[in-house]
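Okay, structure first, notes after.
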Ligand SMILES: [Fe+2]
C-alpha cells in the first residue's frame, strides 16, 4: 500500500528495526516536521482522520511505533487508544497488573530483573486481543526493551528443522497446565492469584468463569489451583495476514517449568530438543529497539510475540489491549 498520509506522519527509522519479507518492523511514524512534536490534540485528530489507514499499517507491518510526539502520560495515551474506537478487552492471565486510567493498565508488576518470555497476549484464552498497545512513560536507563517476533518466521523455521514433530503437534493439538497461587504475590512475575485472575474469591464462581474461558480447574491443598487448557492449536492462520502460519502457542514459555507445562493433547511429551531449539529460533527472529520517552508501540497481536527484557529501574511502560 502506498504511504498516503504525508501531511500527518513521516516515516522514520529506529535502531534495531528489521526488514522481514519486504516489510519494515516496526514501521516508525514521526511528526511531519522535524523538531516539532505538535500537541496531543493534533495527534489524536490525525489518528482519527487516518484510522483505517493506520490499522492497515499495523496489519501490514505487524508493528507501528509512534515516536517524537508529545505523549506525556496515561491520559494522553488513553486518548490515543480511544481515537480508534476499537473495543477494550479485559486482561486474563498471570501477570499482576494495576489499573491506571480508563483503558490504561501497568504492563506487568513483576520484578524488573526478570525476563518476561515471548508470548502472543492471552494466547490461551478463547478471545484474545487483536492489538496490544504500549506506551513508554519512563524509559529504562538500561535494558527493559520490549522485543517482538514475527510469529510466522518461527513456524517457517520450525517446519524447516522439525517438519515431522511440528505436523504431529499440529494434528494432535496441545494441552497446557498452569498452577496459580492464592492471592496476589508480586514477588513473582507470574504471581497473579486466581482470585484476581478470575475476578472473584468464590471458588465455584471462579470455576464457572474458568470453564467459560475454556479451562478446567483442579484445586490444590495450598489454596491455589491448577488450570488445564486444551486442546489448543499449534499454529493459526488469520484473515488478512497473507496466509502466514502464526506460531500461536506458548510451548516454550510453559514447557517443563515449575508451575506450568505443555504436552501434546493426547499426553505425548514434546521433545526437549525441539523446545530448546524453538527458544533459540524465537530469539534469533526477535526485533528490539530502545524505548524513548513518549513512544507508543502498536503490535498486531495475531502476528507478533512480545516479551520484556530485564531492566534497571525506573521503567514505566503502560498498556492497553483492544479487540
Ligand atoms: Fe504481554
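The values are calculated or read from the model by the stated rules, or taken from the named source; none is laboratory data. Please read all numbers here as calculations on a predicted model, not as lab measurements. Cβ: placed from backbone, ideal geometry, glycine included. Neighbour counts: every protein chain shown.
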Here the residues within the stretch 72-104 that are crowded, with 21+ Cβ neighbours inside 10 Å and more than 22 Å from residue 306 (Cα to Cα) are 76
Across the stretch 124-136, the tally of residues that are more than 11 Å from the ligand (Cβ to nearest atom), in a strand (DSSP E or B) and out of contact with any helix residue (DSSP H, G or I) (no Cβ under 7 Å at 6 or more places or on another chain) stands at 1
Among strands (runs of 3 or more DSSP E) entirely inside the stretch 73-123, those with 1 or more residues being away from the ligand (no atom under 15 Å from the Cβ) and over 17 Å from residue 322 (Cα atoms) are none
In the stretch 267-292, anything more than 25 Å from residue 160 (Cβ to Cβ) and surrounded by 12 or more Cβ atoms within 10 Å (Cβ to Cβ) is listed as 289, 290, 291, 292
Within the stretch 173-217, the residues that are in a loop (DSSP other than H, G, I, E, B), in contact with a helix residue (DSSP H, G or I) (Cβ under 8 Å, 6 or more places away or on another chain) and at pLDDT 90 or above are 200, 201
Over the stretch 9-30, the set of residues over 18 Å from residue 133 (Cβ atoms) and touching a helix residue (DSSP H, G or I) at 6+ places or on another chain (Cβ under 8 Å) is 20, 23, 24
Scan the stretch 305-322 and tell me whether some residue there is in contact with a helix residue (DSSP H, G or I) (Cβ under 6 Å, 6 or more places away or on another chain), closer than 25 Å to residue 156 by Cα and touching a residue at least 60 places away in the same chain (Cβ under 8 Å). yes
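Does the stretch 292-314 hold any residues that are assigned to a loop (DSSP other than H, G, I, E, B), away from the ligand (no atom under 15 Å from the Cβ) and in contact with a strand residue (DSSP E or B) (Cβ under 8 Å, 6 or more places away or on another chain), and which are they?
The first filter runs over the stretch 292-314 and keeps only residues assigned to a loop (DSSP other than H, G, I, E, B), leaving 292-295, 301-303, 309-310, 312-314.
Restricting the remaining residues to those that are away from the ligand (no atom under 15 Å from the Cβ) gives 292-295, 310, 312-314.
292, 293, 294, 295, 310, 312, 314, listed by residue number.
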